[in-house]
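Contents: one structure, followed by commentary.
The values are calculated or read from the model by the stated rules, or taken from the named source; none is laboratory data. Because the structure is a prediction, the values reported are computed rather than measured. Counting neighbours? That spans all protein chains shown, and the Cβs are built from the backbone with ideal geometry, glycine included. When the accessible area is computed, the model is the full protein with side chains, heavy atoms only, and any ligands, DNA or RNA have been set aside. Shrake-Rupley method; radii C 1.70, N 1.55, O 1.52, S 1.80 Å.
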Amino acid sequence: GAGVSQSPSNKVTEKGKDVELRCDPISGHTALYWYRQSLGQGLEFLIYFQGNSAPDKSGLPSDRFSAERTGGSVSTLTIQRTQQEDSAVYLCASSSQGGLTEAFFGQGTRLTVV
Amino acid sequence: AQTVTQSQPEMSVQEAETVTLSCTYDTSENNYYLFWYKQPPSRQMILVIRQEAYKQQNATENRFSVNFQKAAKSFSLKISDSQLGDTAMYFCAFYNAGNMLTFGGGTRLMVKP
């Protein structure tokens with residue numbers, strides 16, 4: 001595609017429900033990042049995929065969070081048993097060489113847990 | 001682990017004037033890349049400028065330039081002739097091979113008419 005695509009753009013869910021957030025990176029990009037951004041705040045690293053290497057999951061805040069990347073392309077971030085503190089914008093980015101070149105960002109998914 | 005620090009949470013500047021945003025980082029690596037990203041209210045992150053650590057010359061992109069001080073581990077962004085459209089959050093970021101892209105906490109810039 002022309003850019004990084006994230007869906008849905010907005011998601012409102014009830015506390016305790018599971019949610020899945022999707023990221024379609026730019027075709028051919030080997031690196032994919034997930035970040036979380038609370039309102040007006042900085043970027044909190046969640047997880048990093050690079051090619052066929054094992055993902056760097058060091059930023060996942062709890063075992064309720066998981067992510068996978070199928071076929072080296074599309075990625076899904078799953079949050080189980082959502083809590084109100086999970087409310088944030090979830091940003092996905094991809095790059096062709098892990099960071100040597102520009103990382104392109106999607107427009108994010110705004111998650112609201114009520 | 002690499003860390004990136006932006007010490008100015010908020011800044012403001014009058015339209016047409018110049019403003020400098022600060023960024024420092026901590027690394028033991030010698031080869032790395034530094035970036036400034038802009039995030040306007042639309043939420044879309046946009047690359048503003050990039051600097052390779054092995055290059056001594058400071059990067060410049062139109063009204064945007066950096067002051068890269070490798071020994072001091074400092075990477076400030078200068079915006080000249082500020083425009084209303086420059087109002088945004090600005091993030092400094094660090095990358096080196098084998099690691100992930102690490103962002104600073106951001107600086108919110110307001111350009112006033």
What is the one condition in (1) under 29 Å from residue A:53 (Cβ atoms); (2) assigned to a strand (DSSP E or B) that residue B:76 does not satisfy?
-> (1)
Tell me, yes or no, whether region B:3-25 has at least one residue that is at pLDDT below 95 and among the charged types (D, E, K, R).
-> no
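Being open to solvent by less than 20 Å² (accessible area, probe 1.4 Å) and within 27 Å of residue B:88 (Cβ to Cβ) narrows it down to one of A:39, A:46, so name that one.
On the way: A:39 fails: open to solvent by less than 20 Å² (accessible area, probe 1.4 Å).
Just a single option satisfies the conditions, and that option is A:46.
Do the conditions hold for residue B:64, that is, is it surrounded by 12 or more Cβ atoms within 10 Å (Cβ to Cβ), modelled with pLDDT of 95 or more and more than 14 Å from chain A (Cβ to nearest Cβ)? Spell out the reasoning first.
Working: surrounded by 12 or more Cβ atoms within 10 Å (Cβ to Cβ): yes; modelled with pLDDT of 95 or more: yes; more than 14 Å from chain A (Cβ to nearest Cβ): yes.
Criteria met by residue B:64.
Which strands (runs of 3 or more DSSP E) sit wholly inside region A:2-70 and have at least 1 residues that are under 19 Å from residue A:103 (Cα atoms) and not hydrophobic (A, V, I, L, M, F, W, C)?
On the way: elements: A:5-7, A:10-13, A:19-24, A:31-37, A:44-50, A:65-69.
Once the strands (runs of 3 or more DSSP E) in region A:2-70 are filtered for at least 1 residues that are under 19 Å from residue A:103 (Cα atoms) and not hydrophobic (A, V, I, L, M, F, W, C), what remains is A:5-7, A:19-24, A:31-37, A:44-50, A:65-69.
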Can you name the residue in region B:79-113 that is assigned to a loop (DSSP other than H, G, I, E, B) and over 21 Å from residue B:44 (Cβ atoms) and is also least open to solvent (accessible area, probe 1.4 Å) among such residues?
-> B:96
If you take the residues of region A:65-114 that are of a type in the set (A, V, I, L, M) and at the interface with chain B (Cβ under 8 Å from one of its Cβ atoms), which of them is surrounded by the fewest Cβ atoms within 10 Å (Cβ to Cβ)?
-> A:100
